[in-house]
């Protein structure tokens with residue numbers, strides 16, 4: 001990310017990002033597609049959201065901007081955590097976002113209405129079991145970073161874990177997928 005403060009605008013979303021050393025400026029096609037998908041989601045008001053591999057926190061901050069009640073964000077990179085915390089302060093939502101270093105194992109009993117996971121497809125496949133287990137009934141999982149050739153395997157994995165594929169966005173190099181728990 002560059003050292004200049006910038007504002008990300010997508011639909012109704014307006015998120016300010018400050019300088020930092022974490023990935024996630026909102027410019028990459030996978031991030032943009034997640035932001036566009038978030039704008040199209042209904043009933044985010046008061047939702048509990050998990051931002052997996054938060055980077056700058058742009059996706060979690062966007063969910064808060066759209067009415068989510070709280071966000072839990074984590075990453076394995078300390079720079080990402082510092083950047084996400086700073087961006088939460090910049091956006092006036094530091095009281096509604098919890099940031100931690102680690103992975104999904106720390107969340108064993110939590111349930112989320114929406115999980116945002118803009119990761120590489122192989123990581124999504126590896127974490128599918130824990131991501132599906134963290135979803136509340138009828139919770140949604142928004143995934144991106146999936147190469148075209150990995151789409152089928154990822155969708156089948158989601159379905160094996162009790163998720164229904166609700167939407168797919170084909171991007172120039174990647175795929176974004178929205179899945180939901182508890183649907184027929």
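If you average the sequence gap of Cα pairs under 8 Å that are 6 or more apart and divide by the length of the chain, what percent do you get for the contact order?
Relative contact order of the chain: 18 percent.
Taking only Cα atoms, what is the 0 to 90° angle, nearest 10, from helix 78-90's long axis to the longest principal axis of the chain?
Helix 78-90 sits at roughly 70 degrees to that axis.
Would you calculate, for the chain, the mean residue ellipticity at 222 nm contributed by helices, counting each DSSP H stretch of 4 or more residues as -39,500 (n - 2.57) and dividing by all residues, to the nearest 500?
It comes out at -9500 deg cm²/dmol, rounded to the nearest 500.
How tilted is helix 151-160 with respect to the longest principal axis of the chain? Cα atoms for both, answer in degrees (0 to 90, nearest 10).
In the chain, helix 151-160 runs at an angle near 70 degrees to the longest axis.
Using a Förster radius of 22 Å, what is the FRET efficiency between residue 126 and residue 166 based on their Cβ-Cβ separation? Nearest 0.05, please.
Here the calculated transfer efficiency is 0.50.
Using only the alpha-carbon atoms, how far is helix 29-40 inclined from the longest principal axis of the chain? Give it as 0 to 90 degrees, nearest 10.
80
So, in nm, how far is label residue 89 from label residue 173 when the simple model puts each one 7 Å beyond its Cα toward the Cβ?
3.3
What is the projected area of the convex hull of the Cα atoms of the chain, averaged over all directions, in nm²?
Across all orientations, the chain yields a mean hull projection of 9.2 nm².
Read-outs throughout are calculated quantities, based only on the coordinates presented, and are distinct from any laboratory measurement. Predicted model only: the values in this text are computed from it and were never measured. Backbone-built Cβ (ideal geometry, glycine too); neighbour counts: all protein chains shown.
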